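The structure under discussion appears below in the form of C-alpha cells.
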Amino acid sequence: MKKTVLKQVIILILFFLLLFLFLFFFRNIGKAFYSRDVNKKGISYVKKEESKDVAAIMATVKEMQKTELANPEDFQDKINEWNSLLDQGQVPLTSDEEMTHYNSKFSDTIFFGDSLTEAIYSYQLVNSSSIIYERGASLKKLEEYIPQIAGTYPKNVVVFTGLNDHPVTEPPAEYLERYRVFLQALKTQLPDSSIFVLSILPATEEGVSATPKLIDTTEIDAGLSTLCHEVGTTYIDTTWIVRPDLYEPDGTHFTPYFYAVLFRYLDNLFL
C-alpha cells in the first residue's frame, strides 16, 4: 500500500516537473520569435530613418555645392573704376592672360543663348565647349538645346538672350510668361545646376527704329528680375555696363569692349 502511494506521488511530481519544463520551454521560444520579429522591425525602421537622413544630407550638400555670388558692394571700387573707364571710352580689351583665366574659371559653366551669347564665342572669351547658342533663336527653339546642356552636367548655366521672338504687338507680360516656361524647363532638366540670367539689354534709337519690338526691353528686363526670383534662378543686372559707344552699328549687339567689362564683372561676381 505504502509503495503504491509513493509511486503515485513520484509520478505526480514528475508530471508537474514535465509540465513546468514544457511551459518554460515554449514561453522562451515565443519570446525568441517575438524578439526576432521586433528586431527585424527595428532594423527596418532604422534603415528607413537612415535613408531619410542620407537623402537630407545629400540635398544639403548639393545646395552647398551650388555657386554663390559675391556681393557687388564687396568690389565696388572695381566697379567704380570700370564705370570711369567706360565713361571715358578707355576700356582695355580682354588680354590673353584674362582669356586663359576665364577658360579655367568658367570651365564648368555653359553660356547659353542667341547671337548675344555667340559674341562670347566670337571674342574667344571662353572655350567653345562652354558655349551653346543659336543666332536668332526663339525661347522655344532654345529649349531644344536643354538636353544637350544637361548632358554636360554643368555647375552653372548663364543665359544671355535678346528679344528674337517678341512680336511688336505682344504685351511684355506674355513674353515673360514664355520666359517663365523656358526657365522652368532649364530647372527641371538641370536640377543640380545653378542658373543665372543676364539682363535683357536696351537698344539704341537706331536699333528700335529697325526693330520696334525692342522698345519694350526696359519693361521686360524689370519683369525678368522678378520672374527669376519667383522660379528660383538668379538675375544678374548688367545694364550698368551699357554705353552708347559700346553698340555695334545695328544698335542691338555689342562690341568687344562691352564683353571685356562684362567678363571682368562676372569673374569678380562668381566665387
Completion exercise
Of (1) over 29 Å from the mean Cα position of the chain (by Cα); (2) part of a helix (DSSP H, G or I); (3) loosely packed, with under 15 Cβ neighbours inside 10 Å, Pro249 fails just (2)
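What number of residues within region 224-246 are outside any helix (DSSP H, G or I) and within 21 Å of Val157 (Cα to Cα)? Spell out how you get there, then give the answer.
Taking region 224-246 first, the residues outside any helix (DSSP H, G or I) are 232-238, 242-243.
Of the ones still in play, those that are also within 21 Å of Val157 (Cα to Cα) are 232-238.
Total satisfying the criteria: 7.
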Handout entry: Among (1) farther than 28 Å from Tyr102 by Cβ; (2) of a type in the set (Asp, Glu); (3) within 20 Å of the chain's Cα centre (by Cα) - the single one Asp165 does not satisfy
Key = (3)
Completion exercise
Of Ala203, Ala260, the only residue that is modelled with pLDDT under 95 and of a type in the set (A, V, I, L, M) is Ala203
Completion exercise
Taking region 252-271 and the residues there that are touching a residue at least 60 places away in the same chain (Cβ under 8 Å) and not in a helix (DSSP H, G or I), the one that is surrounded by the fewest Cβ atoms within 10 Å (Cβ to Cβ) would be Leu271
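Out of contact with any helix residue (DSSP H, G or I) (no Cβ under 7 Å at 6 or more places or on another chain), of a type in the set (D, E, K, R) and free of Cβ contacts under 8 Å to residues at least 40 places away in the same chain: is that true of Glu248 in this structure?
Values: out of contact with any helix residue (DSSP H, G or I) (no Cβ under 7 Å at 6 or more places or on another chain): yes; of a type in the set (D, E, K, R): yes; free of Cβ contacts under 8 Å to residues at least 40 places away in the same chain: yes.
For Glu248, the condition - out of contact with any helix residue (DSSP H, G or I) (no Cβ under 7 Å at 6 or more places or on another chain), of a type in the set (D, E, K, R) and free of Cβ contacts under 8 Å to residues at least 40 places away in the same chain - is met.
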Completion exercise
Being in contact (Cβ under 8 Å) with a residue 60 or more places away in the chain and farther than 30 Å from Gly207 by Cα narrows Asn156, Asn103, Asn83 down to just Asn156
Handout entry: Test result for Lys187, in the same structural domain as Thr238 (by TED's automatic domain parsing), exposed (fewer than 14 other Cβ atoms within 10 Å of the Cβ) and either part of a helix (DSSP H, G or I) or in contact with a Lys or Arg (Cβ under 6 Å, 6 or more places away or on another chain) (or both)
Key = no
Problem - Residue check, Val157 part of a strand (DSSP E or B) and either in contact with a helix residue (DSSP H, G or I) (Cβ under 9 Å, 6 or more places away or on another chain) or under 23 Å from His229 (Cβ atoms) (or both) - result: yes
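The values are calculated or read from the model by the stated rules, or taken from the named source; none is laboratory data. Just so it is clear, the structure is predicted and the values come from calculations on it, not from any experiment. Neighbour counts run over all protein chains shown; Cβ positions are idealised from the backbone, glycine included.
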